Every structure is written in C-alpha cells, then in structure tokens.
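The values are calculated or read from the model by the stated rules, or taken from the named source; none is laboratory data. Model, not experiment: these values are computed from the prediction. Methodologically, a virtual Cβ is constructed for each residue, glycine included, from the backbone with ideal geometry; neighbour enumeration extends over all protein chains shown. Heads up: the accessible areas ignore ligands, DNA and RNA and are worked out on the full protein's heavy atoms, side chains in. Shrake-Rupley method; radii C 1.70, N 1.55, O 1.52, S 1.80 Å.
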Amino acid sequence: MDKFNLSDVLHQTSFYTNKALGQNFISDTNLLNAIVSDAGIEKEDTVVEIGTGAGTLTRIIADNAKKVYSFEVDRNLEKVLNITLSGYENIEVIFKDVLRMKDDALLEIIGDSNFKMLGNLPYYITTPLLLRFIESDFKVDSITIMVQEEVARRLIAKEGTEDYSSITLAVAMWGDATITRKVSRNMFFPAPNVDSAVVTIKRNDSKIEGYDRKKINKLVRSAFAMRRKTLANNLQSGYQITKEEAIARIERAGFDKNIRGEKLSLKDFLMLSEEF
Ligand code: SAM
C-alpha cells in the first residue's frame, strides 16, 4: 500500500488502541523518516524493530534497509498490518512478546548477522528490553529507541546528577548514547501524558575492554542499591564485607570514604573494580 491515513485504517479495521500495551502510534512521515535517519539505517542493514504497532515506522525502515524483523505482542494488529504493510517483501512481523522469548528463539528468527535495533517503546518495557539487548551476546551494532523524555535523560546522564543511575552506567558500558531529538506528546495517536525523546546508542566495545562485564555490573548494582546510603554502606551489604573493609577498598582505589555511588563515573567504577 502506498500512502494511507492511520485513523482511516484503524477505523476501517475496527482496531482500538490498547493503553496497557503502550499503544501510542506515530504517523507523521517527516518524524518517522527522521527517526530512521537518527538510527543511521543503510541499505545493507538488518533491523530488529520492537513493537510494530500499525507498521508506520516499520515501512520507513523497510524502505531504507535490507530486512526488517518486527516483533509485536498484539495479534489484533494483524488486520491493520495486512493493509499497511501489504506489498513489502522485506518485512517479517513476528507476533510474540519479545520479553518472554529466550535468546535462542530470537536468534533462530533473526539469524546470525549483525543488526540494528529500533523501536518506539512502551514505557513499561524500556528498561528490561534495553538491559536484555545490551547484556546479551546479540550482534547489535546500535540501538535507537523512542522513550519517555525522563527515561531518555537517565540514559545519557552525567555522574553526580539526579538522573544518574545504574541504567546510565549499563548503557555507558555498552556504548555512546545521545539524545538525537525530542518529540512532543502531540505527535502520537492517542497522545500520552508525557513528551518523548529519541536516544541512539552506538556500540563501543572499547568502553570496558579488558574488564569483566559481570563483575562491573555487580559493583554498579551494589553501589546504587540504596540511593541515600554512602558507597561504603552499599558495598558492605552488596559484598557482605565489614564497613571497615569496604572503606579500605574505596580508599585504596583513591576515593573518599564518604563518597556516594552516584558521584563515580564509569572510569571510576573500573578503577574501583580492581579492589573487588
Ligand atoms: N512502532 C509503532 C509506532 O511507532 O507507531 C508502535 C509503537 S507503540 C508505542 C509500541 C508497540 O509495542 C505497541 O504496538 C505494543 O502492542 C507493542 N508491544 C508492547 N509490549 C510488547 C512486547 N512485550 N513485545 C512486543 N511488542 C510489544
């Protein structure tokens, strides 16, 4: 199908958006093109899209890539997608809950080649989904996601700020994240209560080269376990060591004994990890 009007198709197929599944669709072609451009999609790319929705973004990705695997949990959208994606040979829609799929099952579908991940995500799956992709062995080259603006700020936060958290560090370990655009809530149908932003994360394997990812993950999670506590207190519980031992290790790594986890950059955590 060439051009279509989203509300006409939804009406024609008697499809009602499901709030619980975070179904806020985008139909503005300029915005959809801009998101695909932010993701740096090229003709030879394989793209994994999370959340097909009405297929509006899927089509634009398909116009610019070799192949799109698009995952959608809601089978009721099939009647909509039969219209909006008709004629596209390089799109495969998989009606599955991507969070419940095992890595093997996912790889069986998408194969062994490198891919770029793209998605306008429902807020409730953002963190688990992101962690799933960055902590897996998938050959993901980049991740471009539309998320609530507040979440976007957390993904790119600097140490010492309120938005800085364990997810910031999980992302920083994996690659280089930037907010590529802000998107008003009015661009969605139906409009949600908050504005959104597009975040692009480019994989950069040099970020923790030579370090054990699992070990750093544990350190970061322990450091952020209780935000109001000092780093020493958090590490004491996380590693079941005495407070004196935690302080000794923090000082040996070159930090003040009263420092809080949120003041440490990724480089600082790498230094501290030498003591754990
Ligand atoms: N990509 C479309 C767009 O930009 O208009 C739809 C975006 S909408 C915000 C998110 C979509 O993700 C919804 O269609 C929803 O049904 C789907 N979804 C929600 N949870 C999912 C899950 N666990 N696995 C796969 N799809 C999911």
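Dipole of the chain (Lys/Arg Cβ +1, Asp/Glu Cβ -1, origin at the Cα centre): which of Ser265, Met117, Asn186 lies farthest to the positive side?
Positive-most Cα among the choices belongs to Ser265.
Distances over 18 Å make up what percent of all Cα-Cα pairs in the stretch 213-273?
That fraction is 19 percent.
If you take the beta carbon distance between Glu251 and Ser206 as r and set R0 to 22 Å, what does 1/(1 + (r/R0)^6) give as a FRET efficiency, to the nearest 0.05?
After rounding to 0.05, the efficiency reads 0.15.
How much length is gained if the chain between Ser37 and Gln12 is pulled fully straight, taking 0.36 nm per residue apart and subtracting their Cα-Cα distance, in nm to one decimal?
Result: 5.9 nm gained on full extension.
At 222 nm, what helix-only mean residue ellipticity would the chain give, in deg cm²/dmol to the nearest 500, using -39500 (n - 2.57) for each DSSP H run of four or more?
Theoretical 222 nm ellipticity from helices: -10500 deg cm²/dmol.
Could you give the accessible area per residue of the chain, probe 1.4 Å, as a whole number in Å²?
Result: 50 Å² per residue.
With a cut-off of 8 Å between alpha carbons and a minimum separation of six or more residues, what is the relative contact order of the chain in percent?
So the answer I get is 15 percent.
So who's got an amide H within less than 5 Å of the one on Val183, skipping anything under 5 residues away but keeping other chains? H placed 1.01 Å off N, in plane.
Correct list: Ser196, Ala197, Val198.
If I model a spin label at Asp112 and Lys182 as a point 7 Å from the Cα along the Cα→Cβ vector, what separation in nanometres do I get?
Distance between the two pseudo-spin positions: 4.6 nm.
What is the percent carbon and sulfur in the accessible area of the stretch 187-252, measuring with a 1.4 Å probe over the protein chains and ignoring ligands?
Carbon with sulfur: 48 percent of the solvent-accessible area.
What area, in nm² and to one decimal, does the C-alpha convex hull of the chain cast on average over all directions?
Its average projected convex-hull area is 15.0 nm².
How much net charge surrounds Arg153 when only other residues with a Cβ under 13 Å from its Cβ are counted (Lys, Arg +1; Asp, Glu -1)?
It works out to a net charge of -2.
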